[in-house]
1. Please order Val104, Val179, Val92 by the number of other Cβ within 10 Å, starting at the fewest.
2. Label points 7 Å out from Cα along the Cβ direction at Thr173 and Lys60: separation in nm?
3. What is the spin-label model distance, in nm, from Thr153 to Glu189 if the labels are put 7 Å beyond Cα along the C-beta direction?
4. Apply 1/(1 + (r/R0)^6) to the Cβ-Cβ distance of Arg223 and Ile126, taking R0 = 25 Å, and write down the FRET efficiency to the nearest 0.05.
5. Do any chymotrypsin sites (Phe, Trp or Tyr not before Pro) in region 134-195 lie in a loop, going by DSSP, with at most 12 other beta-carbon atoms within 10 Å of their beta carbon, and if so which?
6. Which is the longest stretch in the chain that no exposed loop site breaks, taking sites as GluC sites (Glu not before Pro) with a DSSP loop state and at most 15 other Cβ atoms within 10 Å?
7. Which of the three applies to the chain, rounded, prolate or oblate, going by the alpha-carbon gyration tensor with a ≥ b ≥ c and a/c under 1.5 meaning rounded?
8. Can you tell which of Phe101, Thr173, Thr153 lies farthest toward the positive end of the dipole of region 38-176, using +1 and -1 charges on the Cβ of basic and acidic side chains (Lys, Arg; Asp, Glu)?
Amino acid sequence: MKIATWNVNSVRVRLSQVLEFIEKYDIDIILLQEIKCKTEEFPKYIFDDIGYNCRIFGQKSYNGVAILSKYMIEDVIFGAEIFLEDSQARYVEALINGYNFASVYVPNGKSPDDPAYQYKLDFLDILINRLKQTSSLSQYILAGDFNITMADTDVYDPDLWKNKICCTELERTKLRDIVNLGYRDIMKELRPFEEIYTWWDYRRETFSKNKGLRLDYFFVDHRIQINNCHVAKEIRNQLRPSDHAPVILEI
């Protein structure tokens with residue numbers, strides 16, 4: 001199976017890019033983040049027509065996640081069932097072909113001295129607790145925009161970003177907690193010596209200068225056999241792109 005994760009930064013604005021991407025790479029399952037539309041406004045009928053089943057957890061103008069699959073989607077759980085009293089649409093999981101897939105959009109956090117930072121840490125704690133409770137029962141493929149760099153090697157200029165949002169030690173500890181539960185950071189495992197980024201700011205020509213961060217991940221249960229994982233970086237170079245590039249996993 002070919003699986004992709006992509007923060008599309010508005011699925012309706014970039015619908016043609018999503019359709020071109022899944023056709024070009026023959027994607028079986030795609031996990032989307034930041035779809036920026038209500039559930040009922042998602043262009044589901046278009047994906048229905050080309051053979052994808054869809055499960056959407058949307059929100060007006062902000063956030064929103066989705067799972068699109070050529071295979072049957074079962075046992076869907078939306079974030080509101082796990083992140084109680086949280087009105088933001090940031091998580092959806094489902095059973096597909098015997099694997100549990102989760103599309104995750106971790107809050108940005110704004111800055112370490114902002115209340116949104118604690119919300120981010122709390123969100124990650126709930127996610128980690130969910131994995132502790134369920135990962136022994138199912139083989140999870142957890143993917144999405146985590147808004148955190150795992151290490152300085154995931155930052156084009158570590159000194160510039162030191163202690164800034166996405167690069168604080170508290171945030172990175174949460175990602176390591178996921179790995180310590182038995183999940184593999186697949187992209188870095190397969191390409192340990194490559195300079196890998198998945199996000200480039202729209203400003204200051206950061207993409208052309210490759211001044212990026214690695215914010216998007218596949219965390220995969222250690223029992224799952226992996227064939228390949230890479231960033232489809234060229235997608236970021238399209239006209240009016242998302243600021244994130246898709247990541248593709250093959251199992």
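Where a number appears in this text, it was derived from the coordinates with a stated rule and is not lab data. Since we're looking at a predicted model, the values are computed, not measured. Because the Cβ atoms are built from the backbone with ideal geometry, glycine has one as well, and the counts that use them run over all protein chains shown.
1. Sorted ascending by nearby Cβ count, the order is Val179, Val104, Val92.
2. Placing both labels 7 Å along Cα→Cβ, they lie 3.9 nm apart.
3. Between Thr153 and Glu189, the simple spin-label model gives 1.5 nm.
4. 0.55
5. Phe193
6. It runs 86-193.
7. Rounded is the answer for the chain, as its axis ratio a/c remains below 1.5.
8. The listed residue farthest towards the positive side: Phe101.
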